[in-house]
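Colleague: Please read through the structure below; I'll follow up with questions.
Just so it is clear, none of the values below were taken in a lab; they were calculated from the coordinates. These numbers were taken from a predicted model, which means no experiment stands behind them. Here Cβ is always computed from backbone atoms with ideal geometry, including for glycine, and neighbour counts include all displayed protein chains.
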Amino acid sequence: MSIQVNKAKCVSCGQCCDVCPGNLIQKDKNDKAYIKYPQECWGCIACVKECSVGAIKYHLGIDIGGKGGYLYTKNRGDYMDWFIVSLDRRKHQITINKKESNKY
Ligand code: SF4
Ligand code: SF4
């Protein structure tokens with residue numbers, strides 16, 4: 001259970017480093033985020049939700065996403081799109097209105 005940062009997409013905002021409750025994410029010498037302690041990640045997904053450019057993948061367990069499945073998010077103002085991608089590249093999308101998230 002862990003995340004992976006796509007450094008090509010990372011815009012070095014540092015938000016993921018700030019929100020990780022375990023301080024597991026750091027910046028490399030090029031100011032790009034990476035997870036320094038992947039084995040300590042407990043999958044809270046705070047960093048995934050915070051990344052505005054969708055640069056962080058969260059690897060799903062085989063019982064959720066199938067082998068090789070992962071999820072990532074994209075923020076669109078009041079809405080957040082959640083994408084679940086399976087090994088065969090099928091993509092499922094769930095859109096949440098953040099202002100009404102308690103209704104779901
Ligand atoms: S939140 Fe996303 S863009 Fe910002 S530092 Fe982390 S990975 Fe990079
Ligand atoms: S999923 Fe949670 S614990 Fe894991 S790196 Fe992201 S913020 Fe930290």
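Colleague: Need the full-extension length gain, residue 88 to residue 67, defined as separation in residues times 0.36 nm minus the C-alpha distance. One decimal, nm. Let's see the in-between values first.
Modeller: Numbers: separation 21, 0.36 × 21 = 7.56 nm, distance 0.95 nm.
Difference between extended and current length: 6.6 nm.
Colleague: Are there any chymotrypsin sites (Phe, Trp or Tyr not before Pro) in the range 1-95 that are in a DSSP loop and have at most 14 other Cβ atoms within 10 Å? List them by number. Could you put the intermediate results ahead of the total?
Modeller: Details: sites: 34, 42, 58, 70, 72, 79, 82, 83; in loops: 42.
In loop regions of the range 1-95 (DSSP not H, G, I, E or B), the sparsely surrounded chymotrypsin sites (Phe, Trp or Tyr not before Pro) are 42.
Colleague: Right, next: State the cysteines of the chain left without a partner when partners are defined as other cysteines whose beta carbon lies under 4.7 Å away.
Modeller: That list is 10, 13, 17, 20, 41, 44, 51.
Colleague: Could you put 64, 84 in order, starting from the residue whose Cβ has the fewest other Cβ atoms within 10 Å?
Modeller: Ordered by Cβ neighbours within 10 Å, fewest first: 64, 84.
Colleague: Also, I was wondering about something else. At a Förster distance of 41 Å, what's the computed FRET efficiency of residue 27 paired with residue 76, Cβ-Cβ distance as r, to 0.05?
Modeller: 0.95
Colleague: Count the net charge of all other residues whose Cβ sits under 14 Å from the Cβ of residue 16, scoring Lys and Arg as +1 and Asp and Glu as -1.
Modeller: +3
Colleague: Something else: Alpha carbons only, please: Rg and Dmax for the range 3-103, in angstrom.
Modeller: Rg then Dmax for the range 3-103, in Å: 13.6, 42.
Colleague: Separation between the residue 19 and residue 36 pseudo-spin-labels, each 7 Å from Cα along Cα→Cβ, expressed in nm?
Modeller: 2.0 nm
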